[in-house]
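Please treat every number below as a calculation from the coordinates, not as lab data. Just so it is clear, the model here is predicted, and its values are computed rather than measured. For neighbour counting, all protein chains shown are included, and Cβ atoms are generated from backbone atoms with ideal geometry for every residue, glycine included.
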Amino acid sequence: MTEPVLSVRNLQVEFAARRGTLRAIDGVSFDIAKGEVLGVVGESGAGKSVTGLAVIGLIDPPGRISGGEIHLAGLRIDNLPPEEMRRIRGKRIGMIFQDPLTSLNPLYKVGDQIVETIRTHLNLSETAARRRAIDLLAEVGIPAPEKRIDGYPHEFSGGMRQRVVIALAICAEPELIIADEPTTALDVSVQAQIISLIKRLGRDHGTAVMLVTHDMGVIAETSDRVAVMYAGRVAEIGPVQDVVKNPLHPYAKGLMGAIPTLAGDDKRLVQIPGSMPRLSAIPRGCSFNPRCASAFDRCRIDRPEPLPRGTQSVACHLYDTVPAESAA
Amino acid sequence: MLAFTLRRAIQAIGVMIAVGVLSFSMFRFAGDPVNQMVGMDTSGAERAAIRKSLGLDDPVIVQFGRYIGNAAQFKFGVSYQFRLPVSNLLMERMPATLELAIVATIFAMVSGILMGVYSALRRDSWLAHVFQAVSLIGISLPTFLIGVLMIYLFSVTLGWLPSFGRGDVVHIGWWTTGLLTLSGLKALIMPSITLGLFQMTLIMRLVRAEMLEVMRTDYIRFARARGLTTRAIHFGHALRNTLVPVITVAGLQFGSVIAFAIITETVFQWPGMGLLFVQAVQNVDIPIMAAYLMMVSLIFVTINLVVDILYTIVDPRLRSTVSRAH
């Protein structure tokens, strides 16, 4: 097996707060291979975005990476000096943020912003960079790019702006793209276009993609594998068909059960009772135990570690002590 | 864009007419001008003749129209105390005031922006705290006190700088400038610092607050995610976005710099319009007071107009909304 593009091992991120430190990410591990799309899904506050920011090295004080390792194609990047990490950002790791309306500087032409990024990372002349910028805009599906390159961000629609943001993220041919809820702020019809664009770019360039979202539909459509996060930990990770069809972790089951179907049965959607714990009040043992219907004594004492189970990996005591049949 | 400029220009003219009403009515509050011009023993018939020859028996609206018509041609009548046309007096004094105001504004903007950017980027450094303290002094101490303290220190105690006047000036056409002689430059230092200090602290605090605000925005985070250099992010992206409100404030403040110049000019005996105005108030020289009011308003209104137009140059979003709206 070839080396994964991104390898995260036992990552921990802490935020220093007035009353002690809060651990937002607690022992997260995953790999993304070349050309693979990993979907990261979970409720708000599960640590999806923080994981993405940690990978690209944009955790700002009072937050910090307090443990674990992040490797980009074999190179350890979580402890690089700021200047070296800056060179990696935008060049080897591209990032797409949630809101295309605010991601672009309103006072600069989109072309200038692309050229600026290209020339920061690649040794190109102004005219060569501009030509490349036009090609990029064409590649992300912006019509008449040679004209639109001189437009200002406010002259683009939301979907078109997200395309510009994507062009900016891929302008130096990164090995990894982190897309943090790239479609949340967009119309449903535009969402599908952006998703297929990200998918196509990943395929054409062999780029690994970490797709952070809370939209299971998006994950099912795009991802090869999916990681379900809960309270700063990975509850379950595995190939997307397996996790969607046969979720193992009670939380993942609840999540899949909450997806509405078009089958027409007018049953109420399954709801997971309660809400995710605050970072300052994570329960002992398994952090999901207060909301879990199958919780037993051990869940309230021991923290479950990820266990391989077929193609999936699940952090749940149910699979440690009892056979899978009785749990399902 | 043209329509926008035109509409703003019409609004500006409206403001000027309103100011004209005010300055015109000043004449009527200060008693009968004929009484001030003639001796005690002038007969009623002679007074009536003077009144008629000056057009003072015309209806008020006609007099007002004449006043505005003359003012539009920079004719403001004759000063009571100097017996000279007011417009000549003002034009003679204007270069001194404008030069002082411009130098003070440049001083305020350059040092205010530098200090503001520094204290936003190095928020916890000791120098940033010093800047914050200085800005507190600049905001809370009255202008004249700072001027007097500086005179005491630099003129009386150290003897480095002149305590009053403009120094030697050079005539360029009708304009006089102190910028070309050493004594003129030396004389400019203290008055312009005194005058600009308040604006400097204002700009510094504004730049600091705006810069901190901008540094938190998504596009700055995205610029960092693109791997741009810190330098490019701070000075290319953050500073330019910060400058939009700064231009407004600095521009609008330029008007009050000219207005505040009255105090600074009095402290430093600076031969500008402000000093002329103060002397006019003391001598109830209504034509000068009225003309000064009109001139300062004209400068204010012109600056507002220029700031509005500058806005659209700095911020492309306004450019297109403006042209789309018309």
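A few notes on this one:
- Nearby lysines by direct alpha-carbon distance to residue A:253 (threshold 27 angstrom, same-chain neighbours under 8 apart not counted): A:48, A:199, A:245, A:267
- Considering only A:144, A:192, A:46, the mean-square fluctuation computed in a Gaussian network model of chain A, springs between alpha carbons under 10 angstrom, is largest for A:144.
- Bridging of residue A:91 to lysines at a Cα separation below 19 Å is possible for A:34, once same-chain residues fewer than 8 apart are set aside.
- Per-pair calculated FRET efficiency, R0 = 56 Å: residue B:232 and residue B:88 via Cβ, rounded to 0.05: 0.60
- Label separation (residue B:293 vs residue B:174): 2.4 nm, computed from points 7 Å beyond Cα along the C-beta direction.
- Neighbour-limited loop hits for trypsin sites (Lys or Arg not before Pro), the stretch A:8-111 (at most 12 other Cβ within 10 Å; DSSP other than H, G, I, E, B): A:18, A:19
- Options A:115, A:184, A:229, ranked by Cα towards positive dipole end of the stretch A:114-247, top entry (Cβ charges): A:115
- For the stretch A:28-102, diffusion coefficient by Stokes-Einstein and Kirkwood Rh (Cα), 4 °C, 1.567 mPa s, µm²/s: 94
- Percent antiparallel among DSSP beta bridges (both partners in chain A, rounded to 5): 60
- Sorting B:78, B:257 by the number of Cβ atoms found within 10 Å of their own Cβ, with the fewest placed first, yields B:78, B:257.
- Spin-label model distance (nm) - residue A:271 vs residue A:10, 7 Å beyond Cα toward Cβ: 4.0
- Extension gain from residue B:313 to residue B:269, taking 0.36 nm per residue of separation minus the Cα-Cα distance: 12.0 nm
- Crossing angle, helix B:239-268 versus chain B [Cα axis fit, 0-90 degrees, rounded to tens]: 40
- Residue order, fewest to most surrounding Cβ atoms within 10 angstrom, among B:263, A:77, A:198: B:263, A:77, A:198
- Cα gyration tensor shape of chain B, rounded if a/c is under 1.5, else prolate or oblate by comparing a/b with b/c: oblate
- Loop-located trypsin sites (Lys or Arg not before Pro) in the stretch B:1-84 (DSSP state other than H, G, I, E, B) with a sparse environment of at most 15 neighbouring Cβ atoms within 10 Å: B:75, B:83.
- Fluctuation leader among B:138, B:255, B:39 - chain B, Gaussian network, Cα springs under 10 angstrom: B:39
- Top positive-direction residue, dipole computed over the protein assembly as shown with Cβ charges, set A:313, B:42, B:115: B:42
- Comparing mean-square fluctuations of B:133, B:261, B:280 from a GNM of chain B with C-alpha springs under 10 Å, the top value falls on B:133.
- Separation of the stretch B:23-74 from the stretch A:119-197 is 71 Å, based on Cα centroids.
- Virtual spin-label span in nm between residue A:258 and residue B:302, 7 Å along Cα→Cβ: 6.5
- Diffusion constant of the protein assembly as shown at 25 °C, which comes from Stokes-Einstein with the Kirkwood Cα-pair radius and 0.890 mPa s, µm²/s: 81
- Applied to the stretch A:67-74, the Karplus parametrisation 6.51 cos²θ - 1.76 cosθ + 1.60 on θ = phi - 60° returns per-residue 3J(HN,Hα) values of x, x, 9, 10, 10, 10, 6, x Hz, with x for Gly and Pro.
- Residue list for the stretch B:179-205, given a label point 7 angstrom along the Cα-to-Cβ vector of residue B:102 and an amide N cut-off under 20 Å: B:179-197, B:199-200
- Using only side-chain charges placed at the Cβ, +1 for Lys and Arg and -1 for Asp and Glu, the dipole size of the stretch B:153-296 relative to its Cα centre rounds to 820 debye.
- Entry note, chain B: the mean residue ellipticity at 222 nm calculated from DSSP H runs of n ≥ 4, each adding -39500 (n - 2.57), is -24500 deg cm²/dmol after division by the residues and rounding to the nearest 500.
- Low-density loop cleavage sites - trypsin sites (Lys or Arg not before Pro) in the stretch B:104-201, where at most 15 other Cβ are within 10 Å (DSSP): B:122, B:123
- The slack between residue B:54 and residue B:74, meaning 0.36 nm per residue of separation minus the straight C-alpha distance, is 5.4 nm.
- Cut-off under 5 Å, modelled amide H: who pairs with residue A:226 long-range: A:39, A:238, A:240
- Cα gyration tensor shape for the stretch A:206-249, rounded if a/c is under 1.5, else prolate or oblate: oblate
- Percent of beta bridges antiparallel (DSSP, the protein assembly as shown, rounded to nearest 5): 65
- Global form of the stretch A:132-209, assessed from the alpha-carbon gyration tensor, a/c cut-off 1.5: oblate
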